[in-house]
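Worksheet: one structure, shown below.
The values are calculated or read from the model by the stated rules, or taken from the named source; none is laboratory data. These numbers were taken from a predicted model, which means no experiment stands behind them. We place every Cβ from the backbone using ideal geometry, glycine too, and count neighbours over all the protein chains shown. Quick note on the areas: whole protein, heavy atoms, side chains included, nothing else; ligands and nucleic acids left out. Shrake-Rupley method; radii C 1.70, N 1.55, O 1.52, S 1.80 Å.
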Amino acid sequence: MIYDFIVVGHGLAGAILAETLRSRGKNVLVIDEPKENSASRVAAGLLNPVAGKRFAKSWLADTLIPAANTFYDALEIRYNQELYFHKPIYKIFSSVEEQNTWMAKSEGGNWDDYIEATHTQSINQPGIDDPFGGLMIKRGGFLHVYAMLDLLTEDLLEQNLLFPERFDISQLQLTDEGVNYKTIKARHLIFCEGYQVINNPYFAWLPLQPTKGEVLEVQAEQNFAPECIYNKAVYVVPEGAGRFIIGATYNWRTPDEEPTQEGQDELSERFRQITPKAFTVTGHWAGIRPAVRDRKPLMGMHPAYEQLSVFNGMGSKGVMMAPYLAAHFADALAGKAELMPEIHISRYFSLYYDYIKHQNLQP
């Protein structure tokens, strides 16, 4: 059998891309080494249309959010399991200055699709410390990424379409018909390896910055405020019965996957700035995100080997980006669309030619 695609990696990006290709009738084989602390599995799974201290609407939010809603809602119906939670996000102002920054930003702009209300004083929600008020953001939510990955993984395993092993790139051969990997043949191979792409000789030239993120699970002594996701330097995602997920830190200096006391202290202190309620830390994880310097994904065919592609670099925005971009990439692979220039790896082809020059390689 010759597969249409081999997908290397089954984190958030790889899983959604493989599912999208399979839904279009393609024969897809996934190769992925099981890893409990992958960035996708430890992520809070947040979808936020308004991000950052400068109150910017997330890139392509008007397009990405409807696609994400459709994709995740369909999975819930298919598996009869709650996976995706539509919740508003209460972005708490940290100061009068931040409040004023938003008021200036919102003047003359049309934010009706994303801002439910602006509060210039506390909304008096039990357990929440918000003396300067905040923004109530619509169309937010969070995904149980680990649960979705488990369901999709089980499906693939039942159909013998997932090899749970580390991909050995030394076993990859490029042919006129596509690729050979060990005894497997495919017309095309797509790398969805997350930060591990920095070790991939075909795509190591891409400017991906491994960024460590730590996440806490806490149990509040008294259940409070489950109505929203809360944001004040960190995100606080309510899981029910007084349980919350708090994240995440950003650390590009020590990109390992070990939780640290420093990370726990930082997240705990940030949580205390949102609520005075006592809590106990019940879980602590770390993962490495595939961040890109221009904060846009990395997608497209290799400049010299058309049998190979990459689908990567969504960082902390993967839950929002992946469904639409997977469909867009599938269209491009089928010759039905041109990849958007701002996500195409062609924007970094000069780095590739520098790379092969320094490595004394042939393009």
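Quick look at the numbers
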read-out: Candidate set from the stretch 307-334 (those that are in contact with a helix residue (DSSP H, G or I) (Cβ under 9 Å, 6 or more places away or on another chain) and part of a loop (DSSP other than H, G, I, E, B)); member that is nearest to V292 (Cα to Cα); value: G313
read-out: Residue in the stretch 197-220 that is of a type in the set (K, R) and open to solvent by 30 Å² or more (accessible area, probe 1.4 Å) present; value: no
read-out: Count of residues meeting criterion [part of a loop (DSSP other than H, G, I, E, B), touching a Pro at 6+ places or on another chain (Cβ under 6 Å) and aliphatic (A, V, I, L, M)] in the stretch 277-293; value: 0
read-out: Sole exception among (1) open to solvent by 30 Å² or more (accessible area, probe 1.4 Å); (2) more than 21 Å from the chain's Cα centre (by Cα) for L162, by number; value: (1)
read-out: Any hit, the stretch 130-137, residues being closer than 22 Å to A67 by Cβ, touching a residue at least 60 places away in the same chain (Cβ under 8 Å) and not small (G, A, S); value: yes
read-out: Residue in the stretch 239-247 that is touching a residue at least 60 places away in the same chain (Cβ under 8 Å) and open to solvent by 70 Å² or more (accessible area, probe 1.4 Å) present; value: no
read-out: Enumeration of residues in the stretch 335-350 that are of a type outside the set (K, R) and assigned to a helix (DSSP H, G or I); value: I345, S346, Y348, F349, S350
read-out: Residue match in the stretch 7-17 (condition: surrounded by fewer than 18 Cβ atoms within 10 Å (Cβ to Cβ), touching a residue at least 12 places away in the same chain (Cβ under 8 Å) and not acidic (D, E)); value: no
read-out: Single unsatisfied condition, Q261 versus (1) under 30 Å from I92 (Cβ atoms); (2) at pLDDT below 95; value: (2)
read-out: Among residues of the stretch 260-276, those that are part of a loop (DSSP other than H, G, I, E, B) and buried (at least 19 other Cβ atoms within 10 Å of the Cβ), counted; value: 2
read-out: A286, sole failed condition from (1) out of contact with any strand residue (DSSP E or B) (no Cβ under 9 Å at 6 or more places or on another chain); (2) surrounded by 15 or more Cβ atoms within 10 Å (Cβ to Cβ); value: (1)
read-out: Residue among E116, E82, E76, E98 that alone is of a type in the set (D, E, K, R), surrounded by 13 or more Cβ atoms within 10 Å (Cβ to Cβ) and either in contact with a helix residue (DSSP H, G or I) (Cβ under 7 Å, 6 or more places away or on another chain) or not in a helix (DSSP H, G or I) (or both); value: E116
read-out: Any chance V281 is over 19 Å from the mean Cα position of the chain (by Cα), farther than 25 Å from Q196 by Cβ and among the β-branched types (V, I, T); value: yes
read-out: Scope the stretch 44-73; condition part of a helix (DSSP H, G or I) and buried (at least 18 other Cβ atoms within 10 Å of the Cβ); matching residues; value: A61, L64, I65, A67, A68, F71, Y72
read-out: Every residue from the stretch 223-234 that is open to solvent by 60 Å² or more (accessible area, probe 1.4 Å) and under 15 Å from R272 (Cβ atoms); value: A233
read-out: Verdict on K296 being of a type outside the set (V, I, T) and in a loop (DSSP other than H, G, I, E, B); value: yes
read-out: Count of residues meeting criterion [of a type outside the set (K, R), over 19 Å from the mean Cα position of the chain (by Cα) and outside any strand (DSSP E or B)] in the stretch 228-259; value: 6
read-out: From Q125, Q121, Q159, Q171, residue being under 30 Å from V236 (Cβ atoms) and without any contact (Cβ under 8 Å) to a residue 60 or more places away in the chain; value: Q121
read-out: Residue in the stretch 33-40 that is acidic (D, E), in contact (Cβ under 8 Å) with a residue 24 or more places away in the chain, under 24 Å from P290 (Cβ atoms) and surrounded by 21 or more Cβ atoms within 10 Å (Cβ to Cβ) present; value: no
